[in-house]
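For reference, the structure is listed below as structure tokens.
The values are calculated or read from the model by the stated rules, or taken from the named source; none is laboratory data. From a predicted model like this one, the values you see are computed outputs, not experimental measurements. With ideal geometry, Cβ positions are generated from the backbone for all residues, glycine too; neighbour counts draw on all protein chains shown.
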């Protein structure tokens, strides 16, 4: 799951929070096109309610990612099935799914909102 950071943790481009529910996990990381699929460079923090989260500061663009939960790659814990058209996911070269993260330019979004008003 990815969402705008509501805690004021906005960097130069704006922060996005990725999170997953993995109450029994010991280690959770996120790997994707933004870090050359490094399985250990972006650790998530346990929030205490079974969820793990991390705020990413990424430039505008489209990214693919997966979680690495106790060494196992997945979109969500217990869910690394074959691609079946799941919203917010795309097929990968292994026949499973990657999640999609779209980072919009904040100034561009503000201009679009002004045009709608």
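Output the residues belonging to region 16-31 that are closer than 16 Å to residue 72 by Cβ and within 11 Å of the chain's Cα centre (by Cα). Before the answer, list the steps.
First, pick out the residues of region 16-31 that are closer than 16 Å to residue 72 by Cβ: 20-31.
Hits for region 16-31 are 20, 29, 30, 31.
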If residue 49 passes every condition in (1) touching a strand residue (DSSP E or B) at 6+ places or on another chain (Cβ under 6 Å); (2) at pLDDT 85 or above but one, which one does it miss? (1)
Do we find that residue 90 is under 15 Å from residue 33 (Cβ atoms), assigned to a strand (DSSP E or B) and modelled with pLDDT under 95 in this structure? yes
